[in-house]
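**Q** Here it is: the structure, laid out below.
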Amino acid sequence: MTINIAIAGKGGTGKTTIAGTLARLLARDGYNVLAVDADPDLNLDSVLGVDASDVAPIAKKDELITKRTGASPGGTSIPGVFKLNPKVNDITETYGVTAPDGVNLVVMGTVDEGGSGCMCPAGAFLRALMRHLVKRRDDAVILDMEAGIEHLGRGTADSVDSMLVVVEPGLKSVETALRIKNLAEDIGLNRIEAVANKIRTKEEADLIQERLEELGIPLLETIPFDETFVEADLLGRAPLDLGEDSEGIKAIRRIEKKITERS
């Protein structure tokens with residue numbers, strides 16, 4: 001069985017830390033893991049333990065995009081003048097980066113298309129790439145998304161097993177979770193679960209769970225506030241490389257176990 005998980009949440013909730021750590025834990029358990037950084041902040045490399053200088057976003061590879069779409073990334077915005085379904089099946093092997101534990105990392109990057117209705121060659125290329133990455137059926141694909149989940153569409157949502165929405169104590173985080181839930185359901189992704197992160201007290205955990213239940217979002221796991229994660233972020237290091245037995249890592253291991261047991 002394959003595992004395709006999209007992870008989203010408001011910036012700062014720790015979703016990238018969870019995505020990268022989950023990817024490496026799956027790899028350690030024998031899964032062939034593809035990790036996709038589809039967040040504009042582009043931080044998945046450090047969480048995986050990859051030097052950022054070794055990674056270049058696909059969206060910035062102008063020569064590649066020009067060759068595959070037949071148009072300049074900064075050129076025409078008229079659909080039909082360039083290929084809407086360019087060749088992408090060799091991108092992972094050619095431009096992916098191998099992270100610790102054998103995780104294969106692909107960094108998407110983002111494109112300013114000048115408006116929600118505008119099409120451009122780079123945008124078409126990224127959409128085609130995302131469809132391919134999600135449907136290629138590796139053992140496990142972990143997608144680190146932004147809150148807007150812009151890279152996912154109706155053509156890819158049916159291949160994603162579930163969306164994990166990471167929330168932290170605070171109204172804004174929960175409001176973002178509801179927005180993500182609505183966006184995901186709009187494109188046909190109906191298995192949506194929450195992970196509560198940075199939890200310091202039982203009262204915080206209970207309050208978040210109560211609010212999530214009101215929104216119709218089941219809580220998959222609670223992750224306690226972990227100083228190891230803070231230190232890893234400050235150092236630009238992978239949390240797994242600083243403290244494998246921290247309480248936060250243990251909680252992400254529980255997430256991995258729940259995901260693998262139902263796959």
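The values are calculated or read from the model by the stated rules, or taken from the named source; none is laboratory data. This is a predicted model, so every value here is computed, not measured. Cβ atoms come from the backbone with ideal geometry, glycine included; neighbour counts cover every protein chain shown.
**Q** Could you tell me whether any residue of segment 181-189 is among the basic types (K, R), out of contact with any Pro (no Cβ under 6 Å at 6 or more places or on another chain) and at pLDDT below 80?
**A** Kept after step one, since they are among the basic types (K, R), are these residues of segment 181-189: 181.
Next cut, out of contact with any Pro (no Cβ under 6 Å at 6 or more places or on another chain) only: 181.
Still in the list and also at pLDDT below 80: none.
No; the residues of segment 181-189 include none that is among the basic types (K, R), out of contact with any Pro (no Cβ under 6 Å at 6 or more places or on another chain) and at pLDDT below 80.
**Q** Right, V230: among the aliphatic types (A, V, I, L, M) and touching an Asp or Glu at 6+ places or on another chain (Cβ under 7 Å) or not? Lay out the reasoning, then the answer.
**A** Details: among the aliphatic types (A, V, I, L, M): yes; touching an Asp or Glu at 6+ places or on another chain (Cβ under 7 Å): no.
Considered against the rule, which asks whether it is among the aliphatic types (A, V, I, L, M) and touching an Asp or Glu at 6+ places or on another chain (Cβ under 7 Å), V230 comes out as no.
**Q** Another one. Restricting to segment 23-40, name every residue that is surrounded by fewer than 18 Cβ atoms within 10 Å (Cβ to Cβ) and under 15 Å from K60 (Cβ atoms). So that I can check it myself, show each step before the final result.
**A** Step one: of segment 23-40, the residues surrounded by fewer than 18 Cβ atoms within 10 Å (Cβ to Cβ) are 28-30, 32, 40.
Passing the criteria: only P40.
**Q** Please find, among E231, E221, E214, E244, the residue that is more than 23 Å from N43 (Cβ to Cβ) and either without any contact (Cβ under 8 Å) to a residue 24 or more places away in the chain or part of a strand (DSSP E or B) (or both).
**A** Values: E231 fails: more than 23 Å from N43 (Cβ to Cβ); E221 fails: more than 23 Å from N43 (Cβ to Cβ); E244 fails: more than 23 Å from N43 (Cβ to Cβ).
Only one candidate qualifies: E214.
**Q** Still on this structure, please answer the following. Name the residue that is surrounded by the most Cβ atoms within 10 Å (Cβ to Cβ), counting only residues in segment 247-263 that are at pLDDT below 95 and not β-branched (V, I, T).
**A** So the residue we want is S263.
**Q** For segment 1-86, which fully contained helices (runs of 4 or more DSSP H) count at least 2 residues that are modelled with pLDDT under 95 and among the charged types (D, E, K, R)?
**A** Details: elements: 15-28, 44-48, 62-69.
Result: 62-69.
**Q** While we're on this one: Only one of I187, I208, I255, I199 is among the aliphatic types (A, V, I, L, M) and in contact with a Gly (Cβ under 8 Å, 6 or more places away or on another chain). Can you tell me which?
**A** Details: I208 fails: in contact with a Gly (Cβ under 8 Å, 6 or more places away or on another chain); I255 fails: in contact with a Gly (Cβ under 8 Å, 6 or more places away or on another chain); I199 fails: in contact with a Gly (Cβ under 8 Å, 6 or more places away or on another chain).
Selected residue: I187, the only one of I187, I208, I255, I199 that is among the aliphatic types (A, V, I, L, M) and in contact with a Gly (Cβ under 8 Å, 6 or more places away or on another chain).
**Q** Out of everything in segment 182-197 that is surrounded by fewer than 22 Cβ atoms within 10 Å (Cβ to Cβ) and more than 13 Å from A157 (Cβ to Cβ), what residue ends up being nearest to the chain's Cα centre (by Cα)?
**A** E193
**Q** Another question about this same structure. Scan segment 231-263 for residues that are of a type in the set (V, I, T) and touching a Ser or Thr at 6+ places or on another chain (Cβ under 6 Å) and jot them down.
**A** Initially, segment 231-263 is screened for residues of a type in the set (V, I, T), giving 249, 252, 255, 259-260.
Answer for segment 231-263, where residues must be of a type in the set (V, I, T) and touching a Ser or Thr at 6+ places or on another chain (Cβ under 6 Å): just I252.
**Q** Criterion first (under 15 Å from V166 (Cα atoms), at pLDDT 95 or above and more than 21 Å from the chain's Cα centre (by Cα)) does I223 satisfy it? Quick ask: steps written out before the conclusion?
**A** On the way: under 15 Å from V166 (Cα atoms): yes; at pLDDT 95 or above: yes; more than 21 Å from the chain's Cα centre (by Cα): no.
No.
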